[in-house]
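As structure tokens, the structure follows; a few thoughts come after it.
The values are calculated or read from the model by the stated rules, or taken from the named source; none is laboratory data. Quick caveat: nothing in here was measured; it's all calculated off a predicted structure. When we count neighbours, we look across all protein chains shown, and the Cβ atoms used for this are built from the backbone with ideal geometry, even at glycine. The protein model used for the area step is the full one, side chains on, heavy atoms only, and it has no ligands, DNA or RNA in it. Shrake-Rupley method; radii C 1.70, N 1.55, O 1.52, S 1.80 Å.
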Amino acid sequence: MNMNHAILIWDWEPLVSVASIQFGAPASPVITKYNLQKLEPACESADWDSYEFPDTDTRIYVENGCIERFSCYDNLFYKGQNLLGLSLDDIRQILGPEEKIDTMVGASIPIEYESLGLTLWMEDDVIAGATCNAMIEDD
């Protein structure tokens with residue numbers, strides 16, 4: 001199946017999955033199915049591997065062979081609504097009040113919905129990207 005020109009729609013189920021890709025699932029089948037490209041580590045201390053979907057701005061992050069996080073800057077649908085491109089007010093109507101707004105990282109402001117396993121990245125007053133994961137256990 002040629003994925004190069006297919007538009008991938010990312011339907012998010014909080015704490016469970018993005019599309020058919022489940023958090024905590026083995027990464028190898030997903031890497032093979034979508035022909036994911038391994039990326040250089042973001043920093044020397046990174047204890048995860050990053051893989052990018054071809055022709056997209058979407059990545060998975062893998063630790064111990066399992067999918068831990070998913071970030072996308074193409075689209076992220078929740079209950080039929082694409083969260084990317086919305087204002088923070090629109091997001092609050094869909095998800096409720098955020099748990100935390102963090103300090104700026106680069107050009108983005110992280111909007112935290114930790115109980116949903118979601119960080120939204122706001123740039124120029126609209127949601128430009130999202131990072132999703134399962135519930136993070138405290139160490």
Legend entry - Given [x] 1.24; [y] 1.09; [z] 1.03, the label whose value is Cα Rg over 2.2 N^0.38 Å derived from this model: [z]
Inset, instruction - With only Lys, Arg, Asp and Glu charged, each at its Cβ (+1 for the first two, -1 for the last two), find how big the charge dipole of segment 13-90 is about the Cα centre; round to the nearest 20 debye. - result: 320 debye
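Do any GluC sites (Glu not before Pro) in segment 1-82 lie in a DSSP loop with no more than 14 other beta carbon atoms within 10 Å, and if so, which?
GLU44
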Inset, instruction - Would you mind checking segment 74-98 for residues with the amide N under 13 Å from a putative spin-label position 7 Å along Cα→C-beta of SER115? - result: 95-98
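Mind listing which GluC sites (Glu not before Pro) in segment 89-139 are in a DSSP loop and have 15 or fewer other Cβ atoms within 10 Å? The partial results should precede the final answer.
Details: sites: GLU98, GLU99, GLU112, GLU114, GLU123, GLU137; in loops: GLU98, GLU99, GLU137.
In loop regions of segment 89-139 (DSSP not H, G, I, E or B), the sparsely surrounded GluC sites (Glu not before Pro) are GLU99, GLU137.
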Inset, instruction - Place +1 on the Cβ of every Lys and Arg and -1 on the Cβ of every Asp and Glu in the chain, take the dipole about the Cα centre, and give the residue among GLN22, THR103, MET122 whose Cα lies farthest towards its positive end. - result: GLN22
Inset, instruction - Determine the calculated [θ] at 222 nm for the chain from helices alone, applying -39500 (n - 2.57) to every DSSP H run no shorter than 4 residues and normalising by the residue count; nearest 500 deg cm²/dmol. - result: -2500 deg cm²/dmol
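For GLU40 and GLN22, calculate 0.36 nm times their separation in residues minus their Cα-Cα distance, and state this gained length in nm to one decimal. It would help to have the intermediate numbers written out before the result.
On the way: separation 18, 0.36 × 18 = 6.48 nm, distance 2.33 nm.
Difference between extended and current length: 4.2 nm.
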Legend entry - Where trypsin sites (Lys or Arg not before Pro) fall in DSSP loop in segment 53-115, at most 10 other Cβ within 10 Å: LYS79
Inset, instruction - Roll a 1.4 angstrom probe over the protein heavy atoms and tell me the percent of accessible area of the chain that is carbon or sulfur. - result: 48 percent
Inset, instruction - Would you work out the charge dipole size for the chain about its Cα centre, treating the Cβ of every Lys and Arg as +1 and the Cβ of every Asp and Glu as -1, and quote it to the nearest 20 debye? - result: 580 debye
Legend entry - Probe 1.4 Å, protein heavy atoms only - accessible area per residue of the chain in square angstrom: 59 Å²
Inset, instruction - Determine the relative contact order of segment 80-139: mean sequence separation of Cα pairs under 8 Å and six or more apart, normalised by residue count, in whole percent. - result: 29 percent
